[in-house]
């Protein structure tokens, strides 16, 4: 009985330390965070942060919910903003052109059926593994830190 208790306790401690309710990093390379704001507020904060950054350029914005209504389908609020910094993205694509499948950067803001608003984006470390990028840690860390900062500010 004591051994079973220790095993269960160890598993619970592991999950409590590694499964934050507001940040979730899936093995699919997607980082997801819970917002404390409405979808509109979260998206607008994110958009303003990107627009105010002189190193970033907004390339496109999509409202998937609005697009769904054009074919008479329902979708919970779902918006994506695409943006980039060619000084950072180009060297990655010069090394491995398939990186262009995941660039420019995209951040998805969506609302679950329960009303919970989340924000999600690709983990640059996963892109390194996915595309076989080598020797670009400085760029990947810069991108990772920028994405973490933008999304952290947007969800608060």
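How big is segment 22-155 by the Kirkwood estimate over distinct Cα pairs, in Å?
15.4
What is the distance in Å between the Cα centres of segment 113-156 and segment 30-76?
So the two Cα centres are separated by 15 Å.
Subtract the Cα-Cα distance of residue 64 and residue 112 from 0.36 nm times their separation in residues, and report this length gain in nm to one decimal.
Value of the extension gain: 15.9 nm.
A short reminder: the numbers here are calculations on the coordinates, not readings from a lab. On a predicted model such as this, the values are computed, not experimentally measured, just so you know.
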